[in-house]
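The values are calculated or read from the model by the stated rules, or taken from the named source; none is laboratory data. These numbers were taken from a predicted model, which means no experiment stands behind them. All Cβ positions, glycine included, derive from the backbone under ideal geometry; neighbour counts span all protein chains shown. Keep in mind that these areas ignore ligands, DNA and RNA; they rest on the heavy atoms of the full protein, side chains included. Shrake-Rupley method; radii C 1.70, N 1.55, O 1.52, S 1.80 Å.
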Amino acid sequence: EDDAEIGAVERLWPTCQWMLCTWHVTEAWRRNLKKSSRGVAQADQEELFKLAKEVLESTTKTDAYKRWKTLLRECRRRGGQDIYDYFDRQWYKYIDQWCHAWRDFRIREQHTNNRAENGMLTIKQRILRRTKSYSVVSLLDWVVAHFDSEFVVLLENFVNETTRGAREIIAEGKKLSA
């Protein structure tokens, strides 16, 4: 929701495909639908949220656009101009960052930022609590020494197809590289 933050990310990593966390997106929708100032009835809040989630979970761009039009039509009918503007002005411009239809095989199973948040929590709990020195060098040393082995295990699990959907992801990757 923060245009300045998104702009900063785009300037720092212009070639990076970045996405918004599904959980954070849906929580923002829930909060805004429930705002009393929006004047959306309880039953209508639930229906609009359901329609928004259908857009989010679309698997094709065509389907996403079709569902988006339905969402906006229902926003205007059930909630009025304010909630219509909320979705249209704040969320449409970033549809490629939050809608699953824009996510490819590399991130098919990862729709939240839980892994990144867990990594930061681990660093805070294991390093910052044990040391008074918060130098970049000591932090990087710890990350390289400990996270590297964790990612090796994840990669081995993926290669051995012990993760959900790995065979499907590998097959799609082969098609793209052909």
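Every condition in (1) touching a residue at least 40 places away in the same chain (Cβ under 8 Å); (2) over 15 Å from the mean Cα position of the chain (by Cα); (3) open to solvent by 60 Å² or more (accessible area, probe 1.4 Å) holds for H24 except the one numbered (2).
Based on what the data block shows, is Y84 surrounded by 12 or more Cβ atoms within 10 Å (Cβ to Cβ), more than 20 Å from the chain's Cα centre (by Cα) and assigned to a helix (DSSP H, G or I)?
Working: surrounded by 12 or more Cβ atoms within 10 Å (Cβ to Cβ): yes; more than 20 Å from the chain's Cα centre (by Cα): yes; assigned to a helix (DSSP H, G or I): yes.
The answer is yes for Y84.
If only residues of the stretch 32-57 that are more than 18 Å from W68 (Cβ to Cβ) and among the basic types (K, R) are counted, the one that is least open to solvent (accessible area, probe 1.4 Å) is R38. Taking each residue of the stretch 44-62 that is over 16 Å from Y84 (Cα atoms) and looking for partners that are among the small types (G, A, S) and at pLDDT 95 or above with beta-carbon atoms closer than 8 Å, six or more apart or interchain, yields S58/A64.
Scanning the stretch 58-71 for residues that are within 16 Å of W98 (Cβ to Cβ), part of a helix (DSSP H, G or I) and open to solvent by 20 Å² or more (accessible area, probe 1.4 Å) gives K61, D63, Y65, R67. Would you be able to tell me the number of residues in the stretch 1-21 that are without any contact (Cβ under 8 Å) to a residue 40 or more places away in the chain and within 23 Å of Y86 (Cα to Cα)? Qualifying residue count for the region: 8.
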